[in-house]
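Let me begin by presenting the structure, written as structure tokens, before commenting on it.
The values are calculated or read from the model by the stated rules, or taken from the named source; none is laboratory data. Keep in mind that what you see is a predicted model, and the values were worked out from it rather than measured. Cβ atoms come from the backbone with ideal geometry, glycine included; neighbour counts cover every protein chain shown. Accessible surface areas use protein heavy atoms only, side chains included; no ligands, DNA or RNA. Shrake-Rupley method; radii C 1.70, N 1.55, O 1.52, S 1.80 Å.
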Amino acid sequence: DDSGVGIGRRYARADEIGVPFGVTVDFEAVKVGTVTLRERDSMKQVRGDVDEVVRAVAAMVEGRETWAEVAARMPAFEAGEE
């Protein structure tokens, strides 16, 4: 989304249409090679490297893993931690 609106509005827009997960690449992520994965229903976020996040999303979509399992094994991320 390159609309120029803040991340909160982007999350709200995605939540509104039912997107279950969002992947965010921010300035800190670019520096350290990680991305943030956000789950719509809990609004909780975790951070991991791109490959790890891709594997987590695939596992959840395929029913091999739940969000709770992903959140338990990946580091939690709170906005403003950069």
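Of all residues in the range 29-42, those that are under 15 Å from Glu69 (Cα atoms) have Cβ atoms under 8 Å from Cβ atoms of residues that are open to solvent by less than 50 Å² (accessible area, probe 1.4 Å) and part of a loop (DSSP other than H, G, I, E, B), 6 or more apart or on another chain, in Leu37/Met74.
Can you pull out the residues in the range 29-43 that are surrounded by 13 or more Cβ atoms within 10 Å (Cβ to Cβ) and outside any strand (DSSP E or B)? Hits for the range 29-43 are Ala29, Arg40. Looking across the range 40-74, just one residue is in contact with a Gly (Cβ under 7 Å, 6 or more places away or on another chain) and closer than 15 Å to Asp26 by Cβ, and that is Asp49.
Residues of the range 44-70 that are free of Cβ contacts under 8 Å to residues at least 12 places away in the same chain and assigned to a loop (DSSP other than H, G, I, E, B): Glu62, Gly63, Arg64, Glu65, Thr66.
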